[in-house]
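**Q** Below: one structure in structure tokens.
The values are calculated or read from the model by the stated rules, or taken from the named source; none is laboratory data. All values reported here derive from a predicted model rather than from experimental measurement. All Cβ positions, even for glycine, are placed from backbone atoms using ideal geometry, and neighbour counts span all protein chains on display.
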Amino acid sequence: MRHSTVSSHRSWLAKMAVAVVLLATLACGFQGGAFGSTPTPPAGGKVLVPVVSGSAPQIPAAAPESGEMAESILITAPSAGQGVRGSFHVEGLADPTFEQQLYVLVRDAKGTVIATGRPAIQAQAQQRGKFSAEMPLPADLPPQAGRVIVYAISPRDSGITHLESVDVQLNGDAPPAAPIDPNTPEGITILFPNQGAPVKGAVKVAAATLLGSKVIVEVRDATDKTVGRVEQQVEPVAGQPAQVLVEVPFQVSAAQPGRVLVYVLNPRDGQTEHLSSVEVNLVP
């Protein structure tokens, strides 16, 4: 999992800012069918996340100091590769969510959920703030790779709107890594479509990702059912954001709210590592 340290953060920000401008420009070419033939989503379109996307693109609002959006859900402890034992502490920073509620999962090496939590963001409604939770591990758990996942859900359909994770050593002794910069940039920035945009037949998506290598772009309907899905291989190089430019065909029988998801799968176990989304209006 990607986590920026204080020493490397500034160079990432500069490269991400350039990529954001480039992608915003490239997204304008969607209106003329810049991608040629339309990809066909595979049948089924099963999503690999826990049960629990018309107008010109706009560059997301910038953080005051960095010039780029900070990670929507940032896990500051434990850090990547850290060993955790017994009842361990999870904490971080998060943008406001519905009722300021977050959800935490701990998965073992096989992807089985072995602990859950529901921390609240310690800030007033509509304010970014800190969160924390104590996560107990099974007493008989052998040492193995694991993952801590923190996510937010939509009050409309309980679908996941944002997800962040960090790989750890369960019942391991590896020390914490360097402190996490609280202004670590967003791992997946969706540039197009805009929030609330009407989309018909196919949605054109432009995003920048610091993660790889398999990126999934999905369209979900009002019931959180997958109605369109496309995969793209990307390879960010030396911390430079990779471009995601896809067109996702979908079908709905009536006008309804929907969501576009952009997420990446972890190569170790194929589970969702990071997910960003945008709300749209689906038009039949």
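**Q** Do you know which of the residues in the stretch 226-249 that are in contact with an Asp or Glu (Cβ under 8 Å, 6 or more places away or on another chain) and at pLDDT 95 or above is nearest to THR209 (Cα to Cα)?
**A** Step one: of the stretch 226-249, the residues in contact with an Asp or Glu (Cβ under 8 Å, 6 or more places away or on another chain) are 226-230, 242, 248.
Subsequent filtering for residues that are at pLDDT 95 or above retains 226-230, 248.
Details: THR226: 22, VAL227: 23, GLY228: 20, ARG229: 18, VAL230: 16, VAL248: 18 Å.
That would be VAL230.
Here's the yes/no breakdown for (1) among the hydroxyl-bearing types (Ser, Thr, Tyr); (2) touching a His at 6+ places or on another chain (Cβ under 8 Å):
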| site | (1), (2) |
| --- | --- |
| PRO241 | no, no |
| GLU247 | no, no |
| PHE250 | no, no |
| VAL260 | no, no |
| THR272 | yes, no |
| LEU275 | no, yes |
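**Q** Right, another one. Sort out which residues of the stretch 83-103 are in contact with a Gly (Cβ under 8 Å, 6 or more places away or on another chain) and crowded, with 19+ Cβ neighbours inside 10 Å, and write them in order of number.
**A** VAL84, VAL90, LEU93, ALA94, GLN100, TYR103
**Q** Consider ASP157 carefully, then state whether it is farther than 28 Å from GLN100 by Cα and assigned by TED's automatic domain parsing to the domain that holds ALA109. Let's see the steps before the verdict.
**A** Working: farther than 28 Å from GLN100 by Cα: no; assigned by TED's automatic domain parsing to the domain that holds ALA109: yes.
Against the criterion (farther than 28 Å from GLN100 by Cα and assigned by TED's automatic domain parsing to the domain that holds ALA109), ASP157 does not qualify.
**Q** GLU247 is checked against (1) more than 23 Å from SER154 (Cα to Cα); (2) among the acidic types (Asp, Glu); (3) assigned to a loop (DSSP other than H, G, I, E, B) and fails just one. What number does that condition carry?
**A** (3)
**Q** For the stretch 251-275, name all the residues that are surrounded by fewer than 23 Cβ atoms within 10 Å (Cβ to Cβ) and either closer than 23 Å to ALA197 by Cα or among the hydrophobic types (A, V, I, L, M, F, W, C) (or both). Before the answer, list the steps.
**A** Taking the stretch 251-275 first, the residues surrounded by fewer than 23 Cβ atoms within 10 Å (Cβ to Cβ) are 251-257, 259, 265-272.
If the condition is that a residue be surrounded by fewer than 23 Cβ atoms within 10 Å (Cβ to Cβ) and either closer than 23 Å to ALA197 by Cα or among the hydrophobic types (A, V, I, L, M, F, W, C) (or both), then GLN251, VAL252, SER253, ALA254, ALA255, GLN256, PRO257, ARG259, LEU265 are the ones that fit.
**Q** Being surrounded by fewer than 23 Cβ atoms within 10 Å (Cβ to Cβ) and modelled with pLDDT of 95 or more is the filter here; which residues of the stretch 182-202 pass it?
**A** To start, the set of residues in the stretch 182-202 that are surrounded by fewer than 23 Cβ atoms within 10 Å (Cβ to Cβ) comprises 182-183, 194-202.
Across the stretch 182-202, the qualifying residues are ASN194, GLN195, GLY196, ALA197, PRO198, VAL199, LYS200, GLY201, ALA202.
**Q** Tell me yes or no: at least one residue of the stretch 209-224 is of a type outside the set (Val, Ile, Thr), within 20 Å of PRO257 (Cα to Cα), in a strand (DSSP E or B) and out of contact with any Cys (no Cβ under 6 Å at 6 or more places or on another chain). It would help to see each step written out before you state the result.
**A** Taking the stretch 209-224 as the starting set, the residues that turn out to be of a type outside the set (Val, Ile, Thr) are 210-214, 218, 220-222, 224.
With within 20 Å of PRO257 (Cα to Cα) added as a condition, the list becomes 218, 220-222, 224.
Filter once more, keeping what is in a strand (DSSP E or B): 218, 220.
After this cut, where a residue has to be out of contact with any Cys (no Cβ under 6 Å at 6 or more places or on another chain) as well, the list is 218, 220.
Yes: the stretch 209-224 contains one or more residues that are of a type outside the set (Val, Ile, Thr), within 20 Å of PRO257 (Cα to Cα), in a strand (DSSP E or B) and out of contact with any Cys (no Cβ under 6 Å at 6 or more places or on another chain).
**Q** Let me ask something else about it. Could you go through the stretch 63-73 and let me know if any residue there is in contact with a helix residue (DSSP H, G or I) (Cβ under 6 Å, 6 or more places away or on another chain), within 21 Å of GLN195 (Cα to Cα) and at pLDDT below 95. Quick ask: steps written out before the conclusion?
**A** In the first step, residues of the stretch 63-73 are kept if they are in contact with a helix residue (DSSP H, G or I) (Cβ under 6 Å, 6 or more places away or on another chain); the result is 66-68.
If we keep only those that are within 21 Å of GLN195 (Cα to Cα) too, we end up with 67-68.
After this cut, where a residue has to be at pLDDT below 95 as well, the list is 67-68.
Yes: the stretch 63-73 contains one or more residues that are in contact with a helix residue (DSSP H, G or I) (Cβ under 6 Å, 6 or more places away or on another chain), within 21 Å of GLN195 (Cα to Cα) and at pLDDT below 95.
**Q** From the residues in the stretch 196-208 that are part of a strand (DSSP E or B) and over 14 Å from the mean Cα position of the chain (by Cα), which one is farthest from PRO185 (Cα to Cα)?
**A** Taking the stretch 196-208 as the starting set, the residues that turn out to be part of a strand (DSSP E or B) are 198-200, 202-208.
Filter again for over 14 Å from the mean Cα position of the chain (by Cα), leaving 198-200, 202-206.
Numbers: PRO198: 28, VAL199: 28, LYS200: 31, ALA202: 29, VAL203: 25, LYS204: 23, VAL205: 20, ALA206: 17 Å.
Only one residue fits best here, namely LYS200.
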